[in-house]
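Here is the structure we will look at.
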Amino acid sequence: SKATSPHVYVSTQVDYEAVERARGAVKEQFKAEEGIALTYLPFVARALVDALAEYPLVNASMGEHPDQLVVHGSVHLGIAVDLDHEGLIVPVVHDAQDQRLRALARHVADLGTRSRNKGLTADDITGGTVTITNVGGTGSLLLLPIINQPQVMVLSTDGVRRAPVVVTDPTGAESIAIHSVGNLT
């Protein structure tokens, strides 16, 4: 992939405190209703899908010619899944733009389970237009992912941890608070 296209990395620290509060308020009910944990990944996936509506040129693939960019109308979201340290596979949530957070969470969990149980079909692993790799569970601080060709970007989620951050109140006054933060690269 790196021989095909140059890789440029941009990493930003994200304040997940609002996500943490939302998760905390519903995670037990969500687990009881859906049978899966409500992790940060569906929130990141939904935010990425929403961002791609604003920046559609990122939801693209390289065409057959070096100067050809194929912009996709639908978001087919690849989710990189670790196969117990024996490799990665990238199953795809097709038409992710049509799924709200609950449906994305359910779909991502299902693809992860079927990936590890070798239950994917060819349709499950084809057609991705953009990929997320999620190493947050390892507690990583920063991962420099490799683009899943012919896509033009990959988003990496790293570990979320409690850390001091500067917060600004509605009057503009600043203070230090402890929030859940992590990097997106």
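The values are calculated or read from the model by the stated rules, or taken from the named source; none is laboratory data. Because the structure is a prediction, the values reported are computed rather than measured. Using ideal geometry, Cβ is built from the backbone for each residue, glycine included, and neighbour counts are taken over all protein chains shown. In case anyone asks, the SASA skips ligands and DNA or RNA and just uses the protein heavy atoms, side chains included. Shrake-Rupley method; radii C 1.70, N 1.55, O 1.52, S 1.80 Å.
Between Thr138 and Val8, the FRET efficiency from the beta-carbon distance, with R0 = 25 Å, is close to 0.60.
Model label sites at Val165 and Glu33, defined 7 Å from Cα along the beta-carbon direction, differ in position by 2.6 nm. Legend: calculated FRET efficiency, Ser1 to Arg102, from the Cβ-Cβ distance at R0 = 25 Å, rounded to 0.05, equals 0.15.
Subtracting the Cα-Cα distance of Asp50 and Ile125 from their residue separation scaled by 0.36 nm leaves 24.8 nm.
What are the trypsin sites (Lys or Arg not before Pro) within the stretch 1-44 that DSSP puts in a loop, where the Cβ has at most 12 other Cβ atoms within 10 Å? Sites meeting the loop and neighbour criteria: Lys2. Here Rg/Rh (Cα atoms, Kirkwood Rh) was calculated from the structure, and among (i) 1.29; (ii) 1.01; (iii) 0.98 it sits at label (iii).
In square angstrom, what is the accessible area per residue of the chain with a 1.4 angstrom probe? Write out the running numbers ahead of the final one.
Working: 10590 Å² over 185 residues.
Result: 57 Å² per residue.
Each peptide in 97-104, 155-162, 70-77 was scored by the mean count of other Cβ atoms within 10 Å over its residues; highest first, the order is 155-162, 70-77, 97-104. For the pair Asn117 and Asp84, the difference between a 0.36 nm per residue extended length and the Cα-Cα distance amounts to 10.8 nm. For Lys31, the aspartates and glutamates whose Cα comes closer than 16 Å to its Cα, not counting residues fewer than 8 places off in the same chain, are Glu20, Asp110. Taking the DSSP bridge list for the chain and keeping only pairs wholly inside it, about 70 percent are antiparallel.
Helices of the chain meeting both criteria, an alpha-carbon length of 15 angstrom or more along the long axis and an average Kyte-Doolittle score not below -1.0, with helices taken as full DSSP H segments, are 41-54, 101-116.
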